[in-house]
Structures are given as C-alpha cells and as structure tokens.
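The values are calculated or read from the model by the stated rules, or taken from the named source; none is laboratory data. For clarity, every value in this text was computed on a predicted model and none was experimentally measured. All Cβ positions, even for glycine, are placed from backbone atoms using ideal geometry, and neighbour counts span all protein chains on display. Side chains included, ligands, DNA and RNA excluded: accessible areas come from the protein's heavy atoms. Shrake-Rupley method; radii C 1.70, N 1.55, O 1.52, S 1.80 Å.
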Amino acid sequence: MRVGICGLGTVGSGLFNLFANNRSEIDRKTVISVELVQVGCRRDHPDCDLSSVNVTRDIFDVARNPEVDVLVELIGGTDTAKDLVLEAISHGKHIVTANKALIALHGNEVFAAADAKGVTVRYEASIAGGIPIVKAIREGLAGNQIEWVAGMINGTTNFILTEMSKEGSNRSFDDVLKEAQDLGYAEADPTFDVEGIDAAHKLTILASIAFGIPLNFEAMYTEGISRITSDDIQFAAELGYCIKHLGVAQRDGDDVELRVHPTLIAEDQMLAQVNGVMNAVMVGSDAAGATMYYGAGAGARPTASAVMADIIDAARETSVPNLGFNDWSEPNFLPISSISSSYYLRLAVEDKAGVMANVTTVLSNHEVSIEALIQKDARVRDAQIVILTNEVVESQMDAAISELESLENVTSSVSRIRVASF
Ligand code: HSE
C-alpha cells in the first residue's frame, strides 16, 4: 500500500520519522507492505531527511499520483484541505487525516464523496492526539448504545488552566500560551484553542460517531476560557472544585445536547486529575458503563501515532462506514438554554446591609436554590459573592442572572460557570 503525505509540519514530520523509526514494527503488523512514496510540502522540515522519498511542492500532485493509494492530509485548515481530499477521493484514494475542522465542518460532504467512490476516510488523529478514542468508540464499544461523552479534548486550554491553578504560579496567560505554541500543541491561530473552537470541532465528531448522527458543528454551544480569572480558580478550589474546559455530548431519545465550556468539576472526580497538556475522554454506555481514556492530546509523536494506526488499518482493509453507522438518525439538537446544570456564580455587590437578601430573593423567585455561598470582604469598594446553586434549567438561570444584573446594588456582570459530575 503506497502512502503519500501532504503537509510536513508538526504532525507530518512526526509521521515521517515514525515511518523510519518503527519500520519493522509496521511490517510485523501488516500482510501487505506499507511504503511511503511521496511527500507534498511547501518546504523541507529540519527534522526530516527527505533524500530517499519523492518530494513535490504541489500537494495536488499527491492527490493525482497514480502511485499513491492512501493520501494522508496533514496540511490543516479547511478550504485547500477540502479541495485536496475531494480531488484525491475522485482519483480513488483512501484518506487519512488529522484535520478536525475539515471533518467537523465538511465531513458529511467528504464522506458522501468517499462512499460514492468506494474509498474510506479515517480520522483517528483528529480527536485527542494519541488517545485511540475513535477506535474505542467504533470498535471497542460497538455493542453499546452510547449515552454521553465528556472530556477535556484541548491540550492547550488544559495546560493553561493547570498552570493558572498552581499555587504561587505567577505565569501570565500569554507566557503559558507561548510555551504551548513552542511545544507544537496550539493551533496555528491559538484563539481556536482559547475560545473553544478546536474542542467544539472535536466534540462534533465524537458526538457523531457515538450517537450515529450527522456532523453538525452549528448545533454546538461553544465557550472558551478567556473569561476565567485566577479569582474564579481560587474560589472554586475553596468550594472543593477545579475548573476544566469540558466538552459534553449527551443523548436522551431524539434530544442531543452538544456543548464545550469551562466547568467546575469536584476535586475527587477522575477528570479533575487530568492536568497539563493531557486529554481525557469519558464515555457513558449502556452495557460497559462509564469508561475513561487518557493520554497526550497533542504534539508530533502522539498525533503521528494515531495517523499511523489509521494507515495500518487501511493496509489491513478493515472496512466500516465512515461515521461507524450505516444509517444516521436525525436528532433534535438542544439549544444551550434547555440543558440542566448546577452553576457557580460570581458577582460584585455594594457592601451594604440587605444586598445579600436581595440577591437570594431573586434566586429564590426563579426557584434556584443555593448549595454554598462565599462572601469576600470588600477589597476596594465592592464585595465579591460566589454562589453554588442546585441543578436548574439554563433558561431559568438566564432569567435569574438578568434580574441579578439589573439590581441597583449589583455592580458587575454575573460570571457563570457550569458544574459537572460524571
Ligand atoms: N491545539 C490542539 C490542542 C492540538 O491543544 O489540543 C491537538 O488537536
């Protein structure tokens, strides 16, 4: 089986070197031989010796090359990547990609083209780097109905929140982000990480392979970590929680909720132990129960490991439908206002008699009950109040928050973080 790689950045160079370093291991695992025959890249990579491979500066040469059976798309982005993949499919090539944006935004079209041509599209590396989560769901849990998927699927945000949580850490947000970029974890545009878009792409794909539903990025509620302050992290710790950037996909009959946002997780939960650039995904299924998958979610070698597994799969000619289901059910994607959650609320109030009573009255009018409450002394003028609530429907909380924000004595907007327990 002849392989062509397009893109020689972080993942492409990791894959190129894995071909060389694990040559005998790859040969032991396939009956037909797997050969790297062409690399399409704009420029060479200092870590790769390209002397023994055919190199082209036009990646579309790889898509048209009759000597290539499998095109590995590692250029990232969506427009050119989509054209490249569709061109390769039209020439009868199987596709392996690490491109979550491509699959989340254009997967339905790409899969339809692949099905029409009788080729496969594999995308294990698009979610959670070295964790074989696609294979775990599609193969290991194939006998189950999957009820929910929850996890931290962006290494950069986990890395930033972990650093912000360290006692005595004086590192700035920008400094930590730069380290993540230097280590090859962050996206080309790091706002994709920080604002939750990268995690939303990955969760879109996870939900589709878990529930057998079309890819629908538009149905996702997406919130990043840029509004989380070190005060929030400290208050949450006082209440026995840490703050993680969590993706949650949940199915109840035809209703599906899809959301990525900062979340309070109790410190004794397994997901709360996942720190640094590491990713973890928990899957709730009817027969196996809850299972959890943990590992490096980004970086050259972990992601190349996932790409190589797909190449080996292609050589073994395992054939499954591209989303793992032969028929997709059309669910009812729930808006964020319909979800139920407990909430962490932080607001500033004037330090006056009766203010706390006003706040609790508003919450009680909206049938929101208080589980815990912290009030901090006024630092300059206002006092900070932090409240943990019981579980309510988000639209109820929206109404309570707007009323709180209209109170004369409330001097800040209300910061809201959802609380989760799995
Ligand atoms: N930017 C991504 C992350 C890379 O930080 O997880 C892996 O998809």
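Tabulated data for the structure shown
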quantity	calculated
Pick from the stretch 168-213, criterion in contact with an Asp or Glu (Cβ under 7 Å, 6 or more places away or on another chain) and open to solvent by 10 Å² or more (accessible area, probe 1.4 Å), ranking: farthest from the ligand (Cβ to nearest atom)	S169
Cβ-Cβ under 6 Å pairs, at least 6 apart or on other chains, the stretch 186-197 side at negative phi, far side open to solvent by 30 Å² or more (accessible area, probe 1.4 Å) and near the ligand (Cβ under 9 Å from one of its atoms)	D193/E187
Flag if K100 is within 16 Å of the ligand (Cβ to nearest atom) and open to solvent by 10 Å² or more (accessible area, probe 1.4 Å)	yes
Residue among A306, A280, A300 that alone is open to solvent by less than 40 Å² (accessible area, probe 1.4 Å), within 16 Å of the ligand (Cβ to nearest atom) and touching a Pro at 6+ places or on another chain (Cβ under 9 Å)	A306
Within the stretch 7-27, tally of residues that are in contact with a Leu (Cβ under 6 Å, 6 or more places away or on another chain) and either under 15 Å from V53 (Cβ atoms) or surrounded by fewer than 16 Cβ atoms within 10 Å (Cβ to Cβ) (or both)	3
Check on V274, within 16 Å of the ligand (Cβ to nearest atom) and β-branched (V, I, T)	yes
Helices (runs of 4 or more DSSP H) contained in the stretch 1-98 and holding at least 2 residues over 28 Å from the mean Cα position of the chain (by Cα) and free of Cβ contacts under 8 Å to residues at least 60 places away in the same chain	10-21, 23-28, 59-64
Flag for G289 being free of Cβ contacts under 8 Å to residues at least 12 places away in the same chain and over 17 Å from the mean Cα position of the chain (by Cα)	yes
Number of the exception - A266 against (1) over 18 Å from L345 (Cβ atoms); (2) away from the ligand (no atom under 16 Å from the Cβ)	(1)
Filter pass, S169 being free of Cβ contacts under 8 Å to residues at least 60 places away in the same chain and in the same structural domain as M282 (by TED's automatic domain parsing)	yes
Single residue of A309, A287 found to be at pLDDT 95 or above and assigned to a loop (DSSP other than H, G, I, E, B)	A287
Test for E139: is it of a type in the set (D, E) and open to solvent by 10 Å² or more (accessible area, probe 1.4 Å)	yes
Residue match in the stretch 144-163 (condition: open to solvent by less than 20 Å² (accessible area, probe 1.4 Å), within 16 Å of the ligand (Cβ to nearest atom) and not assigned by TED's automatic domain parsing to the domain that holds T204)	no
